[in-house]
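The values are calculated or read from the model by the stated rules, or taken from the named source; none is laboratory data. It should be emphasised that the depicted structure is a prediction, and the values quoted were computed from it without experimental measurement. Cβ atoms come from the backbone with ideal geometry, glycine included; neighbour counts cover every protein chain shown. Just the protein is used for accessible areas: all its heavy atoms, side chains included, with ligands, DNA and RNA removed. Shrake-Rupley method; radii C 1.70, N 1.55, O 1.52, S 1.80 Å.
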Amino acid sequence: MSGWSTGSDDGGRTGVTADGDGLVRVMRKALERAGIDAAAIGHVNAHGTATRLNDPAEACALNVFFGDGRVPPVTSTKPITGHCLGATPALEAVIAIESLRNGCLPPTANHFERDSDCRIDVVSREPLRPRPGQ
């Protein structure tokens, strides 16, 4: 891991604002610490709680951060693991590292159709094996 960041957002019940502004700030700070550009990101392991409040805010933040239509493939492990509260960051870091190590992005379980409020490419149904250089 080459960059990280933390943040807090006064976003009510979901902890994020509808436009995901706090998420965008955290992503920018993580890339600044890593010394890389957003174009170098080939996969996003989203928080992805499958709630009507969180997921659209997260998708909005990703589109602001990467630019509309340029968000890399997105996955979420929560349909399998559930929300493990304080253990979530460590568990999801291990899953993301294993995805990189194996060159395979796991599908988001039980994701069968795109929500019109979430304009992102969610990996679903089958694992995705990115081509070299992606």
Any chance you could count how many residues in segment 91-105 are under 15 Å from the mean Cα position of the chain (by Cα) and part of a helix (DSSP H, G or I)? 9
Report, by residue number, each residue of segment 70-87 that is out of contact with any helix residue (DSSP H, G or I) (no Cβ under 7 Å at 6 or more places or on another chain) and more than 17 Å from Met27 (Cβ to Cβ). Lys78, Pro79, Ile80, Gly82, His83, Leu85, Gly86, Ala87
Inside segment 91-103, can you point out the residues that are in contact with a helix residue (DSSP H, G or I) (Cβ under 9 Å, 6 or more places away or on another chain) and not aliphatic (A, V, I, L, M)? Glu92
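Scan Thr88, Thr81, Thr108 and give me the residue that is more than 20 Å from Ala38 (Cβ to Cβ), under 15 Å from the mean Cα position of the chain (by Cα), surrounded by 11 or more Cβ atoms within 10 Å (Cβ to Cβ) and without any contact (Cβ under 8 Å) to a residue 24 or more places away in the chain. Reasoning before the result, please.
Working: Thr81 fails: under 15 Å from the mean Cα position of the chain (by Cα); Thr108 fails: without any contact (Cβ under 8 Å) to a residue 24 or more places away in the chain.
Of Thr88, Thr81, Thr108, the one residue that is more than 20 Å from Ala38 (Cβ to Cβ), under 15 Å from the mean Cα position of the chain (by Cα), surrounded by 11 or more Cβ atoms within 10 Å (Cβ to Cβ) and without any contact (Cβ under 8 Å) to a residue 24 or more places away in the chain is Thr88.
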If you check Val74 against the conditions, is it surrounded by 17 or more Cβ atoms within 10 Å (Cβ to Cβ), in contact with a His (Cβ under 6 Å, 6 or more places away or on another chain), at pLDDT 90 or above and of a type in the set (A, V, I, L, M, F, W, C)? no
Search result, residues across segment 1-41 that are at pLDDT below 90, within 21 Å of Ile97 (Cβ to Cβ) and open to solvent by less than 60 Å² (accessible area, probe 1.4 Å): Gly3, Ser5
Filtered residues of segment 111-129 (kept if in a loop (DSSP other than H, G, I, E, B), of a type in the set (A, V, I, L, M, F, W, C) and surrounded by 14 or more Cβ atoms within 10 Å (Cβ to Cβ)): Cys118, Ile120, Val123
